[in-house]
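Reading through the structure tokens given below for one structure.
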Amino acid sequence: MLTLINVLAQLFVFLVGLGILVIAIVYVLDRVQKKHAIRRNFPVIGRFRYWFEHLGEFFRQYFFALDREEMPFNRAERSWVYRAAKGENNIVAFGSTRDLRPVGTVIFVNCAFPTLKKDAVDTTEITFGPFADSPYTTQSVFHISGMSYGAISKPAVLALSNGARQSGIWMNTGEGGLAPQHLEGGADLVFQIGTAKYGVRDAEGNLSDERLAAVAAHEQVRMFEIKLSQGAKPGKGGILPAEKVTEEIANIRLIAPRKDSISPNRHREVNSESDLLDFIGRIRRITGKPTGFKAVVGNYDWLETLCSQIKTRGIESAPDFITVDSADGGTGAAPMSLIDYMGLPIKESLPGVVDLLNRHGLKDRIKVIASGKLITPAEVAWAICVGADFVVCARGFMFALGCIQALQCHKNTCPTGVTTHDPSLQRGLDPTDKAGRVREYAQGIRKEVGVIAHSCGVAEPRELQRAHCRVVQEDGATIPLDQLFPDELRVDETTTNG
């Protein structure tokens, strides 16, 4: 016994001595180095600054930030999604914690005689692509936005696809190509074609008609979306770091493994509005399926020109849909200069695009999909009031998968397994369980958007109009959206009829 105690005592002395030696070495190194002023002036202890900064990303949301003040999503928003995804009761007590005074706050107008349950109807079906060989008809107003396999993990893709099938919504593949997990889950799919043409490219990175047709041969692939730009990085292509470009992902994308995957900042084939219509027509002709595009709006001049050319060419040349992405949206990693300062937010761009299409008599022909931070029922209902036909969401579904907003998406260290390809971290994400949460979240949104619609006195969400929603102004009073954004009348009804 005494021998064991002596050995442990000697080991303790050795470890203490070793620790002191290490600290002494670090002290000297910090003193003589010239790159970091804090470490030079405060050797050893100055190093804790970086550790505390890193821990602060995780602790702020739990201990310091108030329920409604954190960015990009506050605790109240995330908690709503978590409860909805678990199928839990989302009823709260003792009044709202939402401040109704800030300029821009959205408030819906309740009706004196709300719609009774017996008078409510199912959401109206809408058909994409009347001039495509295989039009696509769907009912739900809420769907899964683009998240590439590569940007998110294999179990995350499988859970999303399964959950989408279970809830009757579509899933956008993102620009990373068509993965087996997309198909395995059984969801309706929107195949996104990014500027690098992942999955449908030739050796030079150009669009391959043969590979495009092969993707379209899958019945689950219902539509094609050309990504011109996205909310995280308008004007810059996708970024996937080398550590996330595994052999499997490289094979799906048709690129080299273990090298940074950087997409061009625009499509080589598209230099003008005319080129865009040609490109849309080419994809729709090869695939036989509805084709549209996604863009962050910076100005409306090019859309005006696009609409004018559609009217000249004929209504069949129009894109089947436009996905309007918000400049503050996006799951992807990007330079802060683009995330913070480039493009218009959805609250300005969405009504602008809807009004522009109405002016040209094209709103019935071109469906409008809204995207960008619309993760709660109120935000979805707002977009429908403004004129969106559908709303798509990425980060809301990431929360449903278990995302804790750790801000590690651009690394391979996501603690919940959503955006990492580290098998030890992916293990925490069970696709079967999370598919159920995806389903519950989608159904929770649809249910509560319906609650808002019925409180406004309409039978279903697609009957919501701008007059049903008011916005707080600088003087503290509210005005309805139809005064803030007057919905201009169609001036050329003959265009809609060809």
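Where a number appears in this text, it was derived from the coordinates with a stated rule and is not lab data. All values reported here derive from a predicted model rather than from experimental measurement. Cβ sites come from the backbone with ideal geometry, for glycine too, and all protein chains shown count toward neighbours.
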Consider a paramagnetic label point 7 Å from the Cα of Arg427 along Cα→Cβ; state which residues of the stretch 377-402 have an amide N under 12 Å from it.
-> none
Evaluate the distance, in nm, between pseudo-label points positioned 7 Å from the Cα of Asn271 and of Ile479 along their respective Cα→Cβ axes.
-> 4.4
State the Cα centre-to-centre distance between the stretch 123-163 and the stretch 332-378 in whole Å.
-> 18
Each label sits 7 Å from Cα toward the beta-carbon; between Tyr27 and Lys118 the label points are separated, in nm, by 8.5
Toward the positive end of the charge dipole of the chain, about the Cα centre and with charges on Cβ (Lys, Arg +1; Asp, Glu -1), which of Tyr149, Val471, Leu8 goes farthest?
-> Leu8
Could you check the simple spin-label distance between Ile126 and Thr312, using points 7 Å along Cα→Cβ, in nm with one decimal?
-> 2.9
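I want the antiparallel fraction of DSSP beta bridges within the stretch 117-496, as a percent rounded to 5. Provide the component values of the computation, followed by the final result.
Values: 9 of 38 bridges.
Bridges in the stretch 117-496 that DSSP calls antiparallel: roughly 25 percent.
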Can you pick out the pairs among Lys197/Lys244; Lys373/Lys447; Lys311/Lys373; Lys34/Lys244; Lys118/Lys434 whose Cα atoms lie more than 23 Å from each other?
-> Lys311/Lys373; Lys34/Lys244; Lys118/Lys434
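Tell me, Arg98, Arg446 in order of fewest to most beta-carbon neighbours within 10 Å? Spell out each step's value before the answer.
On the way: Arg98 13, Arg446 20.
Sorted ascending by nearby Cβ count, the order is Arg98, Arg446.
Can you tell me how the stretch 200-261 classifies by the Cα gyration tensor, rounded, prolate or oblate, using a/c under 1.5 as the rounded cut?
In terms of gyration-tensor shape, oblate.
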For the stretch 97-103, take each phi angle, set θ = phi - 60°, evaluate the Karplus expression 6.51 cos²θ - 1.76 cosθ + 1.60, and give the result in whole Hz per residue in order, putting x for glycine and proline.
-> 9, 7, 7, 8, 8, x, 4
Give the shape of the stretch 245-383 as rounded, prolate or oblate, defined through the alpha-carbon gyration tensor: a ≥ b ≥ c are the square roots of its eigenvalues, a/c under 1.5 means rounded, and otherwise the shape is prolate if a/b is larger than b/c and oblate if not.
-> oblate
State to the nearest 20 debye the size of the charge dipole of the chain about its Cα centre, where the only charges are +1 on K and R beta carbons and -1 on D and E beta carbons.
-> 1640
PRE zone check, label point 7 Å out along Cα-to-Cβ of Val109, amide N under 11 Å, scope the stretch 458-489, hits 465-471, 479-484
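How much length would be gained if the chain were fully extended between Lys411 and Asp340, taking 0.36 nm per residue of separation minus their Cα-Cα distance, in nm to one decimal?
On the way: separation 71, 0.36 × 71 = 25.56 nm, distance 1.99 nm.
23.6 nm is the gain from fully extending Lys411 to Asp340.
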Which percent of the Cα-Cα distances in the chain go past 42 Å?
-> 24
For Arg201, the residues 5 or more places away or on another chain with a placed amide H closer than 5 Å to its own amide H are Ser208
Fewest to most Cβ atoms within 10 Å: Phe12, Phe108 sort as Phe12, Phe108
Tell me, what HN-Hα J-couplings in whole Hz come from the Karplus equation 6.51 cos²θ - 1.76 cosθ + 1.60 at θ = phi - 60° for each residue of the stretch 357-374, using x for Gly and Pro?
-> 5, 5, 4, 8, x, 10, 5, 6, 7, 9, 6, 10, 10, 9, 9, x, 6, 9
